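What follows is one structure encoded as structure tokens, with my remarks underneath.
The values are calculated or read from the model by the stated rules, or taken from the named source; none is laboratory data. Not measured: the values here are computed from a predicted model. Cβ coordinates were reconstructed from backbone atoms using ideal geometry, including for glycine residues, and neighbour counts include every protein chain displayed.
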Amino acid sequence: MKKINKAIMVEITCTILFILYGIATILSDIGVIPFSEPIPLTIVICIYLGILGNIETNRLNSENDKNGHSLQNIDRS
């Protein structure tokens, strides 16, 4: 399996978990299910965005490696 395919799988999994967490939070606020929020929603959003940002950075790095470019300017002479 390629690295990008794994990244897409992680994105989909994170998105599904994020949606399920949101649905559970809404249903518990209404009173349908007894679900106590162990982690505040803002922290979950930050973790979710951090994972997606990390995946996007890795994707950009792999594309730049294929093109022979680097995001870091190491040779400045």
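Looking only at residues in the range 13-42 that are assigned to a helix (DSSP H, G or I) and exposed (fewer than 10 other Cβ atoms within 10 Å of the Cβ), which one is modelled with the lowest pLDDT?
Filtering the range 13-42 for residues that are assigned to a helix (DSSP H, G or I) and exposed (fewer than 10 other Cβ atoms within 10 Å of the Cβ), the one modelled with the lowest pLDDT comes out as T42.
When the range 9-47 is examined, which residues are found to be in contact (Cβ under 8 Å) with a residue 12 or more places away in the chain and charged (D, E, K, R)?
E11, E37
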